[in-house]
Amino acid sequence: HLPNGKLQSVPNANFYSSFYCAHKENKIDGLYHEFNVSFTAVPGHEKLVSLHRLEWISPGKQPTLSAFLKSLSEKYGAPTYSPPGYPGQLYWFYDKKGALRKPGTVIKNVQDAEACLSPGSMPLNAMVGSWTISVPENPQFRLMASKCGAIVMTMNLEIERGTMLVPSYETNLIGIESAIHAYDTSQEIIDKARAAAYGSKIKAGDQQKPDL
């Protein structure tokens, strides 16, 4: 925004923001697959910041919850955290080097869970058909990368009552540290562009001679 409230484009600020694809297998059972990737808003230096995947499993191939959890642990390791009473909600936290944080090392009590998983602190906002990263103006958010993890992967499993089969699952991978770095970098670009715009207006004003 300029001093007069008008919006002005930031020069050389185009960047590749995201790509999205979805596939519906057939019209009978409505199986659906969705994949969405978002990048940091740093022109010329975009990096992966979030990934969203939604998968519906064909009837007859749907695993039980126990079989699904076993496969997840074999592939990703034991989840860092799973809320008591919610076996279909799983969280893996990683440090900035990609090392998985073990269960009990990040979330040890209710306060830790609120700090790392509450909607007010998580940089994840659900939108229609996509996911976006935002950096709240909250000092606690900036502590998440060190306290909780630089990267977090969440998984939500749909669990069918009675059979305990898993007909669908949703995965989100979020680069918390990348989101913070991108926010700070893009803010610097905006601040420089704003300062240049202000300077141009001031210079033009200095050359004006008022009619007194």
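Distant-in-sequence amide contacts of Thr80, defined by a placed amide H-H separation under 5 Å and a gap of 5 or more residues or a different chain, comprise Tyr91, Trp92, Phe93. Each principal axis of region 136-198 carries a Cα extent, and these read 65, 26, 16 Å when sorted largest first. Taking other residues whose beta carbon is less than 12 angstrom from the beta carbon of Met153, and scoring Lys, Arg as +1 and Asp, Glu as -1, yields +2.
Between the amide H of Lys96 and those of Ala150, distances stay under 5 Å, these residues lying 5 or more places away or on another chain, with hydrogens modeled in the peptide plane. Peptides 79-85, 150-156 ordered by packing proxy, namely the average of other Cβ atoms within 10 Å per residue, highest first: 150-156, 79-85.
The string of couplings for region 175-192 from the Karplus curve (6.51, -1.76, 1.60, θ = phi - 60°) is x, 5, 5, 5, 5, 5, 4, 5, 4, 5, 5, 5, 5, 5, 4, 5, 4, 5 Hz, one whole number per residue in order, with x for Gly and Pro.
Put simply, the amide H of Val49, placed in the peptide plane, has neighbours under 5 Å in Ser38, Phe39, Thr40, leaving out anything fewer than 5 places away on its chain.
Readers should treat all values here as calculations from the given coordinates under stated rules, not as data from a laboratory. These numbers were taken from a predicted model, which means no experiment stands behind them. Glycine also receives a Cβ, built like all others from the backbone with ideal geometry; neighbour counts cover every protein chain displayed.
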